[in-house]
1. Enumerate by residue number the trypsin sites (Lys or Arg not before Pro) in region 43-145 meeting two conditions: DSSP loop (anything except H, G, I, E, B), and at most 15 other Cβ atoms within 10 Å of the site's Cβ.
2. From the phi angles alone, apply the Karplus equation (6.51, -1.76, 1.60; θ = phi - 60°) to region 4-18 and give each ³J(HN,Hα) in whole Hz, x where the residue is Gly or Pro.
3. Tally Lys/Arg at +1 and Asp/Glu at -1 over every other residue whose Cβ is under 9 Å from the Cβ of residue 115; what's the total?
4. Under a cut-off of 21 Å between alpha-carbon atoms, report the lysines in cross-link reach of residue 5, not counting same-chain residues fewer than 8 places apart.
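Nothing in this text is a laboratory measurement; each read-out follows from the coordinates by a stated rule. Only a predicted model underlies this, so the values are computations on that prediction, with no experimental measurement involved. Note: ideal-geometry Cβ built from the backbone for every residue, glycine included; neighbour counts use all protein chains shown.
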Amino acid sequence: MIKNKWLFSASIILFLIFMVLRTPFPNMSPLGTNSYGVLSFHLNYGSELFYLFVFIIIMFIYVRSLSKRKFILSIVTIFMVAWIPEIIVKGYQYTFASGVDAVSFDSEEAECRYNSIQAGEHEITCHLVLSNHSSNDVDLMLNIYEPYIGDPEHPLFAREGEEPITLVSRSTHGIELSRMVFDREHVFGKGEGSFSIQNIQIREKDKVRDL
C-alpha cells in the first residue's frame, strides 16, 4: 500500500505541522469570516488560500507515496486533517482550560435583529449561546462583529458598549444583548431585518479571543 516510504513519512510530518498551524485556538476564526468555505478554509482570505494551496501540495505528496486505495485513504485523510484540530481543542476545553480559554460559541444558534428608529440609527437585539466548560465561573466582556466583508474588525458595539457577562461553571448560557447603534456605513437597511452572528470577541482583562 505504501509505494515510497520517504514520501509517505514526509507527508505525515507535513500533515502534523499543518494541523498544528491550523488548530483553531485561541482564536476560532479570523474576524469577518462570513463567506462560504471548503472544509475549514474560508476562500475569500489570502492567508486561507495559501493554506489551501499548501494542503493540496501535501495531499499530492501523500497520494504519490501510496500504491493502492489512494482515493479512500485520501478522503479519510482530508476529514482527519479537518476534524482532528477541533477535537483536540474541545478536549482541552473540557479538561485543562480555564477562563476565556474554556468558553465556546455556538454560531448556529446566534442571530441579531435590527429595527430602524431613524436614518442611520437602529435598535439591535442579539441572541447568542456561550458555554463555559471549566469548573470555575468566568467573568468576561463580550462584543459582536459586523456581518460584512471589507472591514471585518469593526465591532457592532463600540468598546464602551461591550457587555459584561458571567458564565457559571459547566453550563450553557443563552444571552440577549440590546443596543442602539448608529450605522455610519449604511450596512443595515430601513425597517426591520435580521442577520447571523459570524464572529464575537470575548475579553478577560488583557486576554482576548476571537470566536
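1. 68, 69
2. 10, 5, 5, 5, 5, 4, 4, 5, 5, 4, 5, 4, 5, 4, 4
3. Values: positive: 113; negative: 123, 192.
Local charge sum for residue 115: -1.
4. Filter leaves 68, 70.
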